[in-house]
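Asker: Supplied in structure tokens, the structure appears directly below.
The values are calculated or read from the model by the stated rules, or taken from the named source; none is laboratory data. Everything numeric here is computed off the predicted structure, so don't read it as measured data. Note: ideal-geometry Cβ built from the backbone for every residue, glycine included; neighbour counts use all protein chains shown. With ligands, DNA and RNA removed, areas are computed over all heavy atoms of the protein, side chains included. Shrake-Rupley method; radii C 1.70, N 1.55, O 1.52, S 1.80 Å.
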Amino acid sequence: MKDLEERLKELDPARLPKHVAIIMDGNGRWARMRARERSDGHAEGVNSVNRITRFSSDIGIKYLTLYAFSTENWNRPQAEVDMLMSLIGWTIRKETPDLVANNVKIHILGETDRLPEEVRKSLLDGVEATAHCTGLNLLLCLSYSSRWELTRAARELARKAALGEINPEEIDENTLAGCLSTGGIPDPDLLIRTGGEERISNFLLWQIAYSELYFTPVLWPDFDNAAYLEALIDYQQRERRFGKTSDQVKAK
Ligand code: IPE
Ligand code: IPE
Ligand code: MG
């Protein structure tokens, strides 16, 4: 714990990422390494979700986006999908009072129509109960994929154009960004993927155009505050150039 406190001092509070997005991967492997069921890995992963949410809130991160269930995850064995759905519903119901107490506002991104009715209800209750919160914004991606989101945006813009509500020539980057689930939310500054794979798996393709990417072999259930802090410190050592030269960035 002492180590964590020491390391925390290396974090510059003025240069914190405003928005951190996480691909929470590795629950299954965590369980397999212990000769346990994959479901145990997911249950353990929930502890990481709670811990990382709490830590993000404590250090003053404004937006935390968690990839919890992808569109493609519907293709997993039915028993695992069912287990994940009940875990999601159960967790949100259990954690909502704590989130309210910590001033955390829940947002849901994804095709919620596909979620079981009682899970959707729990999520909506959570969103409603935290609607007044002004601290950390917790964006939960459920039945989410970036191509789904971009396709939906294209459909919406096409519909408006067909109705004459917008002029196709006037569609710019802001118009499109505004049609995404993240409309009005700043793009992630830092994208973390745990579990060792170095891929994006259909997550926030538009929004991560200039995000700093951080891949760690640490499996999601093992991703503790110290591992998170390493990612944040690593982020702060990077120079974000957005296409400019290093000299230009330094002159600013
Ligand atoms: C991430 O862990 C959780 C979800 C995708 C729901 P995995 O279940 O993908 O774990 P691995 O990749 O099999 O270890
Ligand atoms: C990405 O993990 C999706 C989530 C973390 C929810 P996966 O385990 O589904 O990704 P792939 O299949 O290895 O790309
Ligand atoms: Mg995985």
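Asker: Might you report the magnitude of the Cβ-based charge dipole of the chain about its Cα centre, with Lys and Arg at +1 and Asp and Glu at -1, to the nearest 20 debye?
Answerer: 140 debye
Asker: Now for a separate question. Which one, Val127, Gly110, Trp206, is farthest towards the positive end of the dipole of the stretch 99-252 when Lys and Arg carry +1 and Asp and Glu -1 on their Cβ?
Answerer: Trp206
Asker: Contact order normalised by length for the chain, with contacts defined as Cα pairs under 8 Å and 6 or more residues apart; what percent is it?
Answerer: Value for the chain: 28 percent.
Asker: May I pose another question? Just to confirm the filter: which GluC sites (Glu not before Pro) across the stretch 1-103 are DSSP coil and have at most 12 other Cβ within 10 angstrom of their Cβ?
Answerer: Glu10
Asker: Counting only the heavy atoms of the protein chains, how much of Ser57 is accessible to a 1.4 Å probe, in Å² to the nearest 10?
Answerer: Accessible area of Ser57: about 30 Å².
Asker: With a 1.4 Å probe and all protein chains left in place, how much accessible area per residue does the stretch 26-171 have, in Å²?
Answerer: Value for the stretch 26-171: 52 Å² per residue.
Asker: Could you tell me what percent of the accessible area of the stretch 129-189 is made up of carbon and sulfur, with a 1.4 Å probe and every protein chain present?
Answerer: 50 percent
Asker: Let me ask something else about it. If you take the Cα Rg of the chain and divide it by 2.2 N^0.38 Å, with N the number of residues, what do you get?
Answerer: Normalised by 2.2 N^0.38 Å, the Cα Rg of the chain equals 1.05.
Asker: To the nearest Å, what is the center-to-center distance of the stretch 198-241 and the stretch 95-145, using C-alpha atoms only?
Answerer: Using only Cα atoms to place each centre, the spacing works out to 23 Å.
Asker: Still on this structure, please answer the following. Give, rounded to the nearest 20 debye, the magnitude of the charge dipole that the stretch 1-69 has about its Cα centre when Lys and Arg contribute +1 at Cβ and Asp and Glu contribute -1 at Cβ.
Answerer: Dipole magnitude for the stretch 1-69 comes out near 140 debye.
Asker: Do the sum for the chain: with -39,500 (n - 2.57) for every DSSP H run of n ≥ 4, divided by all residues, what is the mean residue ellipticity at 222 nm, to the nearest 500 deg cm²/dmol?
Answerer: Calculated at 222 nm, the ellipticity per residue is -14000 deg cm²/dmol.
Asker: With springs only between Cα atoms under 10 Å apart, run a GNM on the chain and tell me which of Gly110, Gly135, Gly178 wobbles the most.
Answerer: Result: Gly178 has the largest fluctuation of those listed.
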